[in-house]
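So the structure is just underneath, and the comments pick up after that.
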Amino acid sequence: VHIPKTAGKSVRKSLEKEIDENSIFPEHDQGSILKAMKNGTHDHFVGHVGASFALKYKPNDHFVFTFLRNPVNRLMSLYNFFRGLDLEKTGSDFTMKFAQENSVEDFFFSREPRVL
């Protein structure tokens, strides 16, 4: 289970070194994962899915794991990620733009519902 901003890409790269990269499903949304599981196209799945989804749909011979991160470090990583985006290329939402236009203190202590 890949929780955003908790080294998911690094974990995936490590797994790809140990097992066949092509056996890891490249998509990470629930619908695509379910379709691939049903079709039996891949042996391993990495994605932004909830633990309840992963536990419900995993094959019996598989296990589920995730990494957790200090919440403050995770939020700092998210803030820095937003600040580094090229919003003209990626598109933006309010929170991304807010991060780019405000200090880290303003971002963390904002009472704006779209930032919270």
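Data table
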quantity: Solvent exposure, largest accessible area first (probe 1.4 Å, DNA, RNA and ligands not counted), of THR90, THR6; calculated: THR90, THR6
quantity: Over 29 Å (Cα to Cα) - which of LYS9/LYS89; LYS17/LYS38; LYS9/LYS38; LYS5/LYS56; LYS17/LYS97; LYS56/LYS89 fall in this group; calculated: LYS17/LYS97; LYS56/LYS89
quantity: Gain on full stretching of the segment that runs from HIS48 to LEU87 - 0.36 nm per residue minus C-alpha separation; calculated: 11.8 nm
quantity: Inter-centroid distance (Cα atoms) of region 72-100 relative to region 27-68, Å; calculated: 27 Å
quantity: Net length gained if the chain between ASN60 and PHE108 were fully extended (0.36 nm per residue, minus Cα distance); calculated: 13.1 nm
quantity: Rounded if a/c under 1.5, otherwise prolate or oblate - region 61-111, Cα gyration tensor axes; calculated: oblate
quantity: Accessible surface, per residue, of region 22-72 when the full set of protein chains is kept, probe 1.4 Å, Å²; calculated: 73 Å²
quantity: Global form of region 19-110, assessed from the alpha-carbon gyration tensor, a/c cut-off 1.5; calculated: prolate
quantity: Accessible-area composition of the chain, carbon plus sulfur, in percent [1.4 Å probe]; calculated: 53 percent
quantity: Gyration tensor verdict on region 1-72 (Cα atoms; rounded if a/c is under 1.5, prolate if a/b is larger than b/c, oblate otherwise); calculated: oblate
quantity: SER103 - accessible surface, heavy atoms, 1.4 Å probe, Å² rounded to 10; calculated: 40 Å²
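The values are calculated or read from the model by the stated rules, or taken from the named source; none is laboratory data. Quantities reported herein were computed from a predicted structural model and do not represent experimental measurements. We work out accessible area using only protein heavy atoms, side chains counted, and drop any ligands, DNA or RNA first. Shrake-Rupley method; radii C 1.70, N 1.55, O 1.52, S 1.80 Å.
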